[in-house]
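Read the structure below first, then the notes.
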Amino acid sequence: MARIRRAVFPAAGLGTRFLPATKAQAKEMLPLVDKPILQYAVEEAVASGLESLVIVTSRGKGAIEDHFDVSWELEKNLEERGKPELLRAVRAVSDLARIAYIRQGEALGLGHAVLTARDLVGGEPFAVLLGDDVIIMDAGDPPCTRQLMDIHERHGAAVVAVMEVPEEETGRYGIVRARPLGEEGVFEVEDMVEKPAPGQAPSRLAIIGRYILPPSIFPALEETGRGSGGEIQLTDGLRHLLGRERVLACRFRGRRLDAGDKLGFLQATVELALRHGELGSAFGAWLRSLDLEGY
Ligand code: G1P
């Protein structure tokens, strides 16, 4: 079975949930504490052992490429001013991984964004990470993507990350119907549907933005018409695979923060600030000092 080496990061969306902040700025570059949103997912992929990364961008997203590139003017400046720690932090970003970029010309949806990366991915299974989903781990647990890769290595199947969500939130996710496989946290997916209304969802197991996909997802996506929101959905592409190939779901260990809308972004900011090595205790002390009566 092919070892997974590649990861795709769809980052071409218009960021409409963040307007007006994203009118002239990529959503993926909004900072969560001291790193852009997308860097968390890139670091997770690297920590999972992935070496070749593809970021799918679009017009107006040039800052993403600059961020992960070497900035020699900045490095020279920091060196001359004797700021070795900042220099290390800046270099660490460009040293993270080899990254290739491809543009999704039209915003036709997540499935279409993945299809756009086809020529760069080639004929091997690969990971997909959605930057909006930031997943924090307890000490000692492997990163979420690594957990999916381990399941893929055991079973040779496609794997999606899932977590339980409240009934009233099913309309925000892809939802799977799945049966336990007799292995802790692993399910066999029987069906899936993108953003079903509460009451129509087959379960409360929601897909979270981490996937291991076989190359056969590409022809499946080509056959996939527009679905929820008029877009080509990855969930619908995966549904095409069912029946021909196995798709597993992994109820991962770790906690998912939704940095994809304003409220989730604020919550993620607070959680990540509290966990931050340098800022955590001062930030926590300030939070405790707030008088929240009346809000
Ligand atoms: C996407 C997927 C959806 C998944 C979600 C996880 O939706 O289409 O199936 O549940 O990510 O965050 P989006 O949030 O991009 O609308």
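The values are calculated or read from the model by the stated rules, or taken from the named source; none is laboratory data. As the structure is a prediction and not an experimental result, all values here were calculated from the model. Here the Cβ is made from the backbone with ideal geometry for all residues, glycine too, and neighbour counts use every protein chain on show. Protein only, heavy atoms only, side chains kept; ligands, DNA and RNA dropped before computing areas. Shrake-Rupley method; radii C 1.70, N 1.55, O 1.52, S 1.80 Å.
Summary table
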quantity	calculated
Matching residues, the stretch 129-144, being out of contact with any Leu (no Cβ under 6 Å at 6 or more places or on another chain) and within 16 Å of the ligand (Cβ to nearest atom)	Leu129, Leu130, Asp132, Asp133, Ile135, Ile136, Cys144
Residue in the stretch 204-219 that is open to solvent by 20 Å² or more (accessible area, probe 1.4 Å), closer than 13 Å to Val176 by Cβ and either within 13 Å of the ligand (Cβ to nearest atom) or at pLDDT 95 or above (or both) present	yes
When residues of the stretch 3-16 are limited to those that are out of contact with any strand residue (DSSP E or B) (no Cβ under 8 Å at 6 or more places or on another chain) and surrounded by 16 or more Cβ atoms within 10 Å (Cβ to Cβ), the one farthest from Leu234 (Cα to Cα)	Gly15
Residues of the stretch 220-268 classified as touching a strand residue (DSSP E or B) at 6+ places or on another chain (Cβ under 6 Å) and surrounded by fewer than 17 Cβ atoms within 10 Å (Cβ to Cβ), total	2
Members of the stretch 22-37 that are without any contact (Cβ under 8 Å) to a residue 12 or more places away in the chain, in a loop (DSSP other than H, G, I, E, B) and open to solvent by 50 Å² or more (accessible area, probe 1.4 Å)	Lys23
All strands (runs of 3 or more DSSP E) inside the stretch 63-156 with 1 or more residues being of a type in the set (Phe, Trp, Tyr) and open to solvent by 40 Å² or more (accessible area, probe 1.4 Å)	98-103
Unmet requirement for Val54, which otherwise passes all of (1) at pLDDT 95 or above; (2) open to solvent by 50 Å² or more (accessible area, probe 1.4 Å)	(2)
Scan of the stretch 269-295 for residues that are open to solvent by less than 70 Å² (accessible area, probe 1.4 Å), small (Gly, Ala, Ser) and farther than 28 Å from Lys27 by Cα, ordered by number	Ala285
Total residues in the stretch 38-51, condition within 21 Å of Glu124 (Cα to Cα) and crowded, with 20+ Cβ neighbours inside 10 Å	6
